[in-house]
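**Q** Pasting a structure below so you can have a look.
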Amino acid sequence: MTATQLKNVALFASKLGYQTRSFEAAARKLGVQFVYVTDRCHELSDPWGDRAIPVRFANAEESAATAIQSLRGKPLDAILALGDAPAVAASFAARGLGIRANHPAAVEACHNKLRMREVFRDARVFSPPTTLWFRSIPLLPEPEPSLLGIQYPCVLKPLSLSASQGVMRANSHDEFREAARRLAHLLEHPDLRMKSESLASEALVEQYIPGAEVAVEG
């Protein structure tokens, strides 16, 4: 396959590693050539020899602007993203380059549990008699559940994170306050703060749904 026949795809990824290697193997079979957009220092002179566009995914719109500046005018067939933060930046970049992709608002809603539930509610995905209550709470200062109208049992969740990280059930006032303290401590981790300061200062509280829990690992 000649260079002119290759499909060109921008791959947004936090870092290169085992995730990108599987994509690279598939790309070679399909005749796809990657242009990497990765989270790294812009002052380093291509240390891994991959000619990646350096960005900082902590600021999605700024990362997208940097990528657009480098990619504009070059042949590009699609944009892919690996990971939460890269997906947001990739959606902004695709919109700026006129490439078909998910809308940034949709991508951001997928990364914020509160916003996702608001979208579901407004779209009437939750309808009687299965209407579920939920609300956001600040983690600092420590929330007082009796002033928030909290009903028990309930579930506290970080607005971001996945794989059930930080998800805790509270059956009483005291359990709620303890869960809120533990969640606030978890979200104080520098890596989580760096990803999103705003998502680390609030939590989601929602109605507990009884029943069997099923986890599907892909």
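The values are calculated or read from the model by the stated rules, or taken from the named source; none is laboratory data. No experiment lies behind these values; they were computed from the predicted model shown. Please note: Cβ atoms are built from the backbone with ideal geometry, for glycine as well, and neighbour counts cover all protein chains shown.
**Q** Restricting to segment 90-147, name every residue that is β-branched (Val, Ile, Thr) and in contact (Cβ under 8 Å) with a residue 60 or more places away in the chain.
**A** As a first pass, look at segment 90-147 and keep what is β-branched (Val, Ile, Thr): 99, 107, 119, 125, 130-131, 137.
Residue satisfying the conditions is 137 alone.
**Q** I'd like to verify a number: residues in segment 58-82 that are under 17 Å from residue 20 (Cα atoms) and surrounded by 16 or more Cβ atoms within 10 Å (Cβ to Cβ), how many?
**A** Filtering segment 58-82 for residues under 17 Å from residue 20 (Cα atoms) gives 78-82.
When the remaining residues are screened for being surrounded by 16 or more Cβ atoms within 10 Å (Cβ to Cβ), the result is 79-82.
Selection size over segment 58-82: 4.
**Q** Working only within segment 83-108, note down all residues that are farther than 16 Å from residue 56 by Cβ and outside any helix (DSSP H, G or I).
**A** Result: 98, 99, 100, 101, 102, 103.
**Q** Does residue 190 fit the bill of being modelled with pLDDT under 90 and under 30 Å from residue 55 (Cα atoms)?
**A** For residue 190, the condition - modelled with pLDDT under 90 and under 30 Å from residue 55 (Cα atoms) - is met.
**Q** Mind checking whether some residue in segment 58-79 is touching a Ser or Thr at 6+ places or on another chain (Cβ under 7 Å), over 30 Å from residue 154 (Cβ atoms) and among the small types (Gly, Ala, Ser)?
**A** no
**Q** Here's a follow-up. Across segment 151-167, which residue is modelled with the lowest pLDDT among those that are crowded, with 19+ Cβ neighbours inside 10 Å, hydrophobic (A, V, I, L, M, F, W, C) and in contact with a strand residue (DSSP E or B) (Cβ under 9 Å, 6 or more places away or on another chain)?
**A** This residue is 159.
**Q** In segment 131-149, which residues are at pLDDT 90 or above and either among the basic types (Lys, Arg) or at positive phi (or both)?
**A** Selection gives 135 alone.
**Q** From (1) among the aliphatic types (A, V, I, L, M); (2) within 23 Å of residue 56 (Cβ to Cβ); (3) not assigned by TED's automatic domain parsing to the domain that holds residue 67, pick out the condition that doesn't hold for residue 132.
**A** If we test residue 132 against (1) among the aliphatic types (A, V, I, L, M); (2) within 23 Å of residue 56 (Cβ to Cβ); (3) not assigned by TED's automatic domain parsing to the domain that holds residue 67, just (2) comes out false.
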